[in-house]
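Visitor: A single structure is presented below for examination.
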Amino acid sequence: MTDADLDRSYSALCEALTRVGEDRAPLFLSMLCLSLISRQQQAEDVLPLMAHAERQCADGAGDGR
């Protein structure tokens, strides 16, 4: 994915989150994640990404800590 594609995708994600609202954002993100996961060939492509995101959450990444 090019930088322009990444920027366009991130912007679309932010706009979609705004449209669905804060209350439904977890549902939206779960549905999106399951859709993206289902496009992968094998669990080995997905599990490291999940572990990385979990570590970042546990470390407080992205929340100003």
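Every number in this text was worked out from the coordinates using simple rules, so none of it is lab data. Predicted model, so just to flag it, every value in this text is computed and none were measured. Please note: Cβ atoms are built from the backbone with ideal geometry, for glycine as well, and neighbour counts cover all protein chains shown.
Visitor: For the chain, rounded, prolate or oblate, judged on the Cα gyration tensor with a ≥ b ≥ c (square roots of eigenvalues), a/c < 1.5 rounded, else prolate if a/b > b/c?
Guide: Judged from the Cα gyration tensor, the chain comes out rounded (a/c under 1.5).
Visitor: Using the Cα centre of the range 3-58 as the reference point, and only Cβ charges (+1 on K/R, -1 on D/E), how large is the resulting charge dipole? Debye, rounded to the nearest 20.
Guide: 160 debye
Visitor: For Glu22 and Ser38, calculate 0.36 nm times their separation in residues minus their Cα-Cα distance, and state this gained length in nm to one decimal.
Guide: Extra length from Glu22 to Ser38 when fully extended: 3.3 nm.
Visitor: Continuing with the same structure: Taking +1 at the Cβ of each Lys and Arg and -1 at the Cβ of each Asp and Glu, which of Gln42, Gly60, Ala16 sits farthest along the dipole of the chain towards its positive end, judged by Cα position relative to the Cα centre?
Guide: Of the candidates, Ala16 comes out farthest on the positive side.
Visitor: Also, quick follow-up: Figure the gain on full extension for Leu13 and Met1 (residue separation times 0.36 nm, minus the Cα-Cα span) and round it to one decimal in nm.
Guide: Once the chain is fully extended between Leu13 and Met1, it gains 2.8 nm.
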